[in-house]
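The values are calculated or read from the model by the stated rules, or taken from the named source; none is laboratory data. Worth saying up front: this structure is predicted, and the values here are computed from it rather than measured. Glycine also receives a Cβ, built like all others from the backbone with ideal geometry; neighbour counts cover every protein chain displayed.
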Amino acid sequence: MPNTPSTPGLAAGRLPAEAIAENFADLHPPLTPHEAAVAADRCYFCHDAPCITACPTSIDIPLFIRQIATGTPEAAAKTIFEQNILGGMCARVCPTETLCEEACVREAAEGEPVQIGRLQRFATDALMAKPHPFARAPETGKRVAVVGAGPAGLACAHRLAMKGHAVTIYDAKPKPGGLNEYGIAAYKTVGEFAQAEVEWLLGIGGIGIINGKRLGADLSLDALKAEYDAVFLGIGLAGVNALGIEGAEDAVAFIAALRQAEDKTALPVGRNVVVIGGGMTAVDAAVQAKKLGAETVTLAYRRGREKMNASRWEQDLAATSGVRILANAAPKGRAEGGIVLAMTADGPEGLKETGETITLEADQILAAIGQKLDAAFGLATEGGKIAVTGAGRTSLSGVWAGGDCATGGDDLTVTAVAEGRDAAEDIHATLTS
Ligand SMILES: Cc1cc2nc3c(=O)[nH]c(=O)nc-3n(C[C@H](O)[C@H](O)[C@H](O)COP(=O)(O)OP(=O)(O)OC[C@H]3O[C@@H](n4cnc5c(N)ncnc54)[C@H](O)[C@@H]3O)c2cc1C
Ligand code: SF4
């Protein structure tokens with residue numbers, strides 16, 4: 001008998017293959033040319049546009065929307081890529097509802113922003129179907145090592161290559177892309193887009209990627225410093241915060257397995273899944289568990305709903321996907337076949353347990369309570385991240401850092417891109433001064 005959502009324990013193939021394929025289809029399908037023209041027409045092309053200020057990479061949004069409106073989407077894409085070479089991925093994964101679209105004057109006036117993210121995708125898809133649009137400056141003879149092939153490392157490498165430097169990227173994982181490849185929810189980036197984007201980005205030339213090399217094991221910072229003119233670290237947050245609940249799995253590892261699976265019907269998922277956490281990772285893990293066919297998925301968050309890091313839009317996505325959000329519920333321990341949660345209240349003296357507990361059935365518990373820096377390689381740290389000043393300068397001369405591993409960001413793809421790009425500009429200025 002085939003498995004169903006109510007098959008007890010952990011089981012694969014709870015839904016037929018067609019249902020799973022439909023569940024994991026593109027969350028925001030591309031706009032047609034007509035839809036894009038209508039969406040672009042809603043832009044006021046504001047002077048001092050607040051959407052630009054709200055974008056961590058400062059894309060000239062009214063300019064690219066005007067370029068779409070005048071029928072030149074490829075010019076629009078060039079406007080985007082000049083600021084954000086991973087504009088294709090950002091169009092798919094940016095929480096626009098808390099960035100550019102939240103700031104859009106049409107959101108304030110009518111509660112309906114211009115669809116900036118989807119317009120960005122329309123433009124970038126058009127140009128990414130063509131050969132790489134940027135050319136390199138003449139070779140400078142300088143060599144830079146980039147550690148980490150995630151958004152920060154890739155953006156840094158591309159900008160350095162454009163300036164004529166020779167870049168080698170080292171990454172511990174078998175594939176490049178960082179969390180674009182191993183973390184982002186499958187329905188946000190369908191069809192191997194992360195690898196296609198890396199390929200397209202490498203079209204600039206002058207960048208080599210060496211996978212399967214881990215700083216701290218196969219490479220040392222001293223050796224890289226000796227061999228290269230500069231080093232950029234974009235190593236993300238590879239460590240996981242432990243939940244302390246027996247049998248709990250890391251939600252990021254669950255998502256990575258899902259992203260790498262050739263056949264999602266072969267992935268086991270619990271009948272009753274409990275996800276602990278309140279951020280984007282928690283929502284992504286919960287929604288994907290439900291899409292794989294779990295019968296019940298509960299997202300338990302220890303504080304009130306308004307304190308969740310996941311945006312209201314993401315919370316709604318969870319709810320409409322059939323995930324129950326249980327706020328003010330903190331994990332306390334295991335029960336036979338389940339998990340005990342202590343109810344909490346947020347008062348003036350902080351978070352307190354009320355004394356009430358509830359027990360939920362749980363065949364699978366996923367912990368999404370944040371990642372942490374794996375190692376700092378002797379560099380100064382602050383608040384658990386590599387301390388940087390200016391455009392990513394670390395405590396060690398000749399070594400820059402950016403993205404999730406460095407202080408100052410907000411752990412978003414677009415911010416990692418901005419920091420990688422800005423560090424590259426600073427490295428270039430240093431190497432050529
Ligand atoms: C599950 C999940 C879902 C997310 N969803 C979204 C989303 O929808 N939208 C959004 O904007 N943001 C999202 N984020 C956040 C976003 O993915 C990160 O902010 C972004 O990827 C950070 O980029 P980065 O380059 O700094 O690090 P990463 O993407 O983490 O890349 C770091 C790279 O460094 C490599 N590395 C690590 N240590 C070493 C070492 N010692 N030696 C060599 N290589 C090493 C890793 O293998 C990796 O390839 C999500 C994060 C997670 C965990
Ligand atoms: S704020 Fe909205 S209307 Fe104004 S330029 Fe930006 S996208 Fe257009």
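Taking the criterion of being among the β-branched types (Val, Ile, Thr) and surrounded by 14 or more Cβ atoms within 10 Å (Cβ to Cβ), the residues of the stretch 344-398 that qualify are Thr344, Thr357, Ile358, Thr359, Ile365, Ile369, Thr381, Ile386, Val388, Thr394. Count of the stretch 46-82 residues, restricted to those that are within 16 Å of ligand 1 (Cβ to nearest atom) and surrounded by 19 or more Cβ atoms within 10 Å (Cβ to Cβ), is 5. A search for C-beta distances below 7 Å between a residue of the stretch 147-174 that is not assigned by TED's automatic domain parsing to the domain that holds Asp229 and any residue that is more than 7 Å from ligand 1 (Cβ to nearest atom) and assigned to a loop (DSSP other than H, G, I, E, B), counting only pairs 6+ apart in sequence or on different chains, returns nothing. Can you spot a residue in the stretch 115-135 that is closer than 18 Å to Gly403 by Cα, more than 13 Å from ligand 1 (Cβ to nearest atom) and crowded, with 24+ Cβ neighbours inside 10 Å? No, the conditions are met nowhere in the stretch 115-135.
So that you can scan it fast, the table gives a plain yes or no per residue for (1) assigned by TED's automatic domain parsing to the domain that holds Gly270; (2) within 13 Å of ligand 1 (Cβ to nearest atom); (3) free of Cβ contacts under 8 Å to residues at least 40 places away in the same chain:
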site	(1), (2), (3)
Thr381	no, no, yes
Asp404	no, yes, no
Gly408	no, yes, yes
Val414	no, yes, no
Asp426	no, no, yes
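Checked against (1) within 11 Å of ligand 2 (Cβ to nearest atom); (2) of a type in the set (D, E, K, R); (3) in a helix (DSSP H, G or I), Glu112 meets all criteria but (3). Residues in the stretch 83-95 that are crowded, with 23+ Cβ neighbours inside 10 Å and within 19 Å of Gln67 (Cβ to Cβ): Asn84, Ile85, Gly87, Gly88, Cys90, Ala91. Taking the stretch 9-45 as the range and being buried (at least 16 other Cβ atoms within 10 Å of the Cβ), out of contact with any strand residue (DSSP E or B) (no Cβ under 9 Å at 6 or more places or on another chain) and assigned to a loop (DSSP other than H, G, I, E, B) as the test, the residues that pass are Gly13, Leu15, Phe24, Leu31, Arg42, Cys43. Taking the stretch 130-238 and the strands (runs of 3 or more DSSP E) fully enclosed by it, the elements with 1 or more residues that are aromatic (Phe, Trp, Tyr) are at 166-171, 230-233.
Across the stretch 85-109, the number of residues qualifying as within 13 Å of ligand 2 (Cβ to nearest atom), touching a residue at least 24 places away in the same chain (Cβ under 8 Å) and in a helix (DSSP H, G or I) comes to 6. In the stretch 51-71, the residues that are at positive phi reach residues that are of a type outside the set (D, E, K, R) and surrounded by 18 or more Cβ atoms within 10 Å (Cβ to Cβ) with C-beta atoms within less than 9 angstrom, at least six apart or across chains, in these pairs: Ser58/Ile52; Ser58/Gln83; Ser58/Asn84; Ser58/Ala418. Cβ separations smaller than 9 Å between residues 6+ apart or across chains give the following pairs from the stretch 115-132 residues that are under 10 Å from Phe81 (Cβ atoms) and in the same structural domain as Leu99 (by TED's automatic domain parsing) to residues that are within 15 Å of ligand 2 (Cβ to nearest atom) and polar (S, T, N, Q): Ala123/Gln67; Ala123/Thr79. Here Glu82 meets each of (1) more than 15 Å from Pro151 (Cβ to Cβ); (2) away from ligand 2 (no atom under 13 Å from the Cβ); (3) part of a loop (DSSP other than H, G, I, E, B) with one exception, condition (3). With the condition kept exactly as written, say whether any residue in the stretch 215-225 is in contact with a strand residue (DSSP E or B) (Cβ under 8 Å, 6 or more places away or on another chain), within 19 Å of Glu181 (Cβ to Cβ) and among the basic types (Lys, Arg). Within the stretch 215-225 (the criterion being in contact with a strand residue (DSSP E or B) (Cβ under 8 Å, 6 or more places away or on another chain), within 19 Å of Glu181 (Cβ to Cβ) and among the basic types (Lys, Arg)), the answer is no, since none of the residues qualifies.
Check whether at least one residue in the stretch 273-283 is closer than 25 Å to Asn328 by Cα, surrounded by fewer than 24 Cβ atoms within 10 Å (Cβ to Cβ) and touching a Ser or Thr at 6+ places or on another chain (Cβ under 7 Å), and report yes or no.
No - not one qualifying residue is present in the stretch 273-283.
If the condition is being surrounded by fewer than 18 Cβ atoms within 10 Å (Cβ to Cβ), over 16 Å from the mean Cα position of the chain (by Cα) and aliphatic (A, V, I, L, M), then the stretch 168-200 contributes only Ala196. Among the residues of the stretch 219-256, not one is surrounded by fewer than 16 Cβ atoms within 10 Å (Cβ to Cβ) and touching a Cys at 6+ places or on another chain (Cβ under 6 Å).
Taken over the stretch 376-433, residues that are hydroxyl-bearing (Ser, Thr, Tyr), assigned to a loop (DSSP other than H, G, I, E, B) and at pLDDT 95 or above amount to 4.
The C-beta contact set for the stretch 296-307 (first residue touching a residue at least 12 places away in the same chain (Cβ under 8 Å), second residue part of a strand (DSSP E or B) and of a type in the set (Ser, Thr, Tyr), distance under 6 angstrom, 6+ apart or interchain) comprises Arg302/Thr344.
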